[in-house]
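Chemist: Take a look at the following structure, please.
The values are calculated or read from the model by the stated rules, or taken from the named source; none is laboratory data. Since this is a predicted model, take the numbers as computed values, not measurements. Don't worry about glycine lacking a Cβ; one is built from the backbone with ideal geometry, like all the others, and counts go over all protein chains shown.
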């Protein structure tokens, strides 16, 4: 029997997906909690977030939030660094502190029968870190080495310098790791004071996902998270300076096997109403594998292993960014093709493309709620960007309702050829002649730390 | 705890030899389709390396009924995600989609298994050659320390050993891929009787089996092929290599040939690596990073494959610290374990971590279904989570010490990657 193969099979029925509901409550000390009960597996994800990411680094102390997040688990309460680590490991619990521009996130994944003990240790870390001088010196030295190490990581050099150019003169300017000259000046007291100021319940929130009962969870949280100091925390949001004409920047890396390319400009914030039409517009240009940029530069030209575009969001700002790394000899051609795709997007997006990308976002929605960590991430998105409580309830509808003219309006307003910043990290001898061929603009050369190089 | 690790499944073998495993999990309306082909870089020959990985690209370039670029588009339009990966011994292809799109995934997978060559062109090959060369540049050549693994593999194993070359292939071989060789490679290895298909998620058994039969039954069986030749030659003396690279900090690597996949010592060496570097209390971490502070970081792991395995230790020196200082401290720590073994507490910590990680691994359907396929392909039994965990639970303090003695006293490859200006 011959099978009919020439067309793809139809879907079998409709998907029934029930969006899991979360609950919001406050602890006795005022800390906000978002909780989602999920009983499928005996696993709990806890994410204790403190609003003191690297944008809170004091002037001249870049990297302090990052170092604090590393030192916070170097001993707490009656346990020194190694003892504390051992207590966590004996439970089979995974503990992972991380820092980004906006928050420090103390995150744990634990088996549910080890939840209470894990929470007790997490609360100790949050409330009673030891901050010994010895641990401070060791971790500070490690941070200094890490900063040096990154100077040869081409994608890191490109991304961190692109941030610096786009978000210059704002609290988002410095990388999370900080600058060598700043980190060198740190004392243990800097860390102690940073913790004392920001690690307070009115500046923190807790996200819990897993198989727990709400009442029991609330009881345990109140039992262990008892710190009730409240601090006034104020950070003035700066005005971000818009660049009004295209600019080219270049960073030299001797014998680079490829060129890292970043192209983009400042944009608006995550909680603006046009988020969905921007998302669809970007998806057509470079947000997925079957996007215009990737089908051209990878699948037609073979210039790159992949190219991607995104609207990147921090809490107080957003920017548009195209990123790729291409064979050195194709650097100039690649930039021309990127420019061509941007121009093309402004001329037309088709109904077919719009329907395709809407289908992608609406149908993949259930898969965003598979693991406890994914759900915790979604809940933290609500908090970080001050989105409405029913954001996920309305998600599919909001995507579906975007019209062609709204998408076109987003493209006109948020992808701006005349404000583009271009940054290329590659070998000067190979790349510079190509750049000079494709632009008459001055090419500003930077060193790996983003300082202008004068010849 | 063993209840949730004891999975229910159905296994069928189609007339053409394709193994089909069905696993039902209705907790979320998704389905994962996961196909392993028993072909990896070990099936390649010196001078023609990188073919298995090249297919990971060519298989997304369309087949008889699927136009170029449409494979990705169909899955993305259905709200799915997809990928593939290549290792020494196998290549896998997988997609996770809304459960009502199972038919689409099986149509796509069967079309490229049965009808890829009808749509293969020189133009597609030339394009993907460029993409793969750029993948190689991006992931290895332009990465600090990016060449370390191919240097280690090509020194640990002799030239005619199937693990001698990197999975992505040597650049000079990628440059000269020829269409005829590509066609021959496909005909030889991409047949139903050389593959294992696992479908997991929100499925009905009979419906999933019917759909599988509908799309795969007509694909003919492939011809048998000869076993991979494995030379018996082993490393007999320590090999030291110094490689200069665009890096700021020096790294030192040690690589021993060790136990193969699912060997009892494979589990033992997993635990040993955890005891050495799995946490701040890891012996090597504690000594080199925490106390002596001569290393920026240190890690170790057991990397096991079908033919053999490797035990690896990697450490990054702090600025200004000589790699030989790291080496002598690493030797001290290893000798201490070889002589006196490890403690009850160290052992318990590691076993608890392993136990928990088995439970955590059940969260993501895609990775769980891939593990089921791993068990089915390598052990012939899809429901092996419990017996796999038991490999660890059966160990004791002596087995760790014995394994350290048995493997770490052998000859090894020692690689130094140092900044270009210094040495």
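Chemist: Residue B:112 passes all but one of (1) within 12 Å of another protein chain (Cβ to nearest Cβ); (2) part of a helix (DSSP H, G or I); (3) within 18 Å of the chain's Cα centre (by Cα); which number fails?
Modeler: (3)
Chemist: Select the strands (runs of 3 or more DSSP E) contained entirely in segment B:172-273, then report the ones holding at least 2 residues which are farther than 30 Å from residue A:255 by Cβ, modelled with pLDDT under 95 and within 14 Å of chain A (Cβ to nearest Cβ).
Modeler: Correct list: empty, since no element meets the threshold.
Chemist: Do we have residue A:259 as closer than 26 Å to residue A:169 by Cβ and touching a residue at least 24 places away in the same chain (Cβ under 8 Å) here?
Modeler: The answer is no for residue A:259.
Chemist: Can you name every residue in segment A:155-191 that is in a helix (DSSP H, G or I), more than 13 Å from residue A:67 (Cα to Cα) and touching a helix residue (DSSP H, G or I) at 6+ places or on another chain (Cβ under 9 Å)?
Modeler: A:155, A:156, A:157, A:160, listed by residue number.
Chemist: Follow-up. Based on this model, can you work out whether residue B:126 counts as under 25 Å from residue B:191 (Cα atoms), out of contact with any strand residue (DSSP E or B) (no Cβ under 6 Å at 6 or more places or on another chain), part of a loop (DSSP other than H, G, I, E, B) and more than 7 Å from chain A (Cβ to nearest Cβ)?
Modeler: Here the answer is no, as residue B:126 does not meet what is asked.
Chemist: Now for a separate question. Hey, among B:103, B:79, which residue is assigned to a loop (DSSP other than H, G, I, E, B), farther than 20 Å from residue B:194 by Cβ and touching a helix residue (DSSP H, G or I) at 6+ places or on another chain (Cβ under 7 Å)?
Modeler: Checking each option against the conditions leaves just B:79.
Chemist: Assuming residue B:115 fulfils every condition listed in (1) modelled with pLDDT of 95 or more; (2) out of contact with any strand residue (DSSP E or B) (no Cβ under 8 Å at 6 or more places or on another chain); (3) surrounded by fewer than 22 Cβ atoms within 10 Å (Cβ to Cβ) apart from one, which condition is it?
Modeler: Result: residue B:115 fails condition (2) only.
Chemist: Residue check, residue B:142 against (1) crowded, with 23+ Cβ neighbours inside 10 Å; (2) at pLDDT 95 or above; (3) touching a strand residue (DSSP E or B) at 6+ places or on another chain (Cβ under 8 Å), all met but one. Which one?
Modeler: Residue B:142 satisfies all of (1) crowded, with 23+ Cβ neighbours inside 10 Å; (2) at pLDDT 95 or above; (3) touching a strand residue (DSSP E or B) at 6+ places or on another chain (Cβ under 8 Å) except (2).
Results for (1) away from chain B (no Cβ under 11 Å); (2) touching a strand residue (DSSP E or B) at 6+ places or on another chain (Cβ under 7 Å), shown as yes or no for each residue.
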site: A:14; (1), (2): no, no
site: A:22; (1), (2): yes, yes
site: A:26; (1), (2): yes, yes
site: A:37; (1), (2): yes, no
site: A:43; (1), (2): no, yes
site: A:46; (1), (2): yes, yes
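Chemist: While we're here: Kindly indicate the residue of segment A:380-400 that is in a helix (DSSP H, G or I) and free of Cβ contacts under 8 Å to residues at least 40 places away in the same chain and also nearest to residue A:103 (Cα to Cα) among those meeting that condition.
Modeler: Only one residue fits best here, namely A:381.
Chemist: Hey, among A:349, A:431, which residue is buried (at least 16 other Cβ atoms within 10 Å of the Cβ) and assigned to a loop (DSSP other than H, G, I, E, B)?
Modeler: A:349
Chemist: Return yes when residue B:287 is within 26 Å of residue B:418 (Cα to Cα), within 21 Å of the chain's Cα centre (by Cα) and either modelled with pLDDT under 95 or assigned by TED's automatic domain parsing to the domain that holds residue B:414 (or both) and no when it is not.
Modeler: In short, no.
Chemist: Could you please let me know if residue A:261 is more than 24 Å from residue A:362 (Cα to Cα), crowded, with 20+ Cβ neighbours inside 10 Å and away from every other protein chain (no Cβ under 11 Å)?
Modeler: Against the criterion (more than 24 Å from residue A:362 (Cα to Cα), crowded, with 20+ Cβ neighbours inside 10 Å and away from every other protein chain (no Cβ under 11 Å)), residue A:261 qualifies.
Chemist: Filter segment A:363-395 down to the residues that are over 22 Å from the mean Cα position of the chain (by Cα) and within 11 Å of another protein chain (Cβ to nearest Cβ) and list them by number.
Modeler: A:363, the sole residue that qualifies.
Chemist: Let me ask something else. Return the residues of segment A:77-129 that are more than 13 Å from chain B (Cβ to nearest Cβ), touching a residue at least 12 places away in the same chain (Cβ under 8 Å) and either over 29 Å from the mean Cα position of the chain (by Cα) or in a helix (DSSP H, G or I) (or both); say none if nothing qualifies.
Modeler: If the condition is that a residue be more than 13 Å from chain B (Cβ to nearest Cβ), touching a residue at least 12 places away in the same chain (Cβ under 8 Å) and either over 29 Å from the mean Cα position of the chain (by Cα) or in a helix (DSSP H, G or I) (or both), then A:77, A:116, A:119, A:120, A:121, A:122, A:123, A:124, A:125, A:126, A:127 are the ones that fit.
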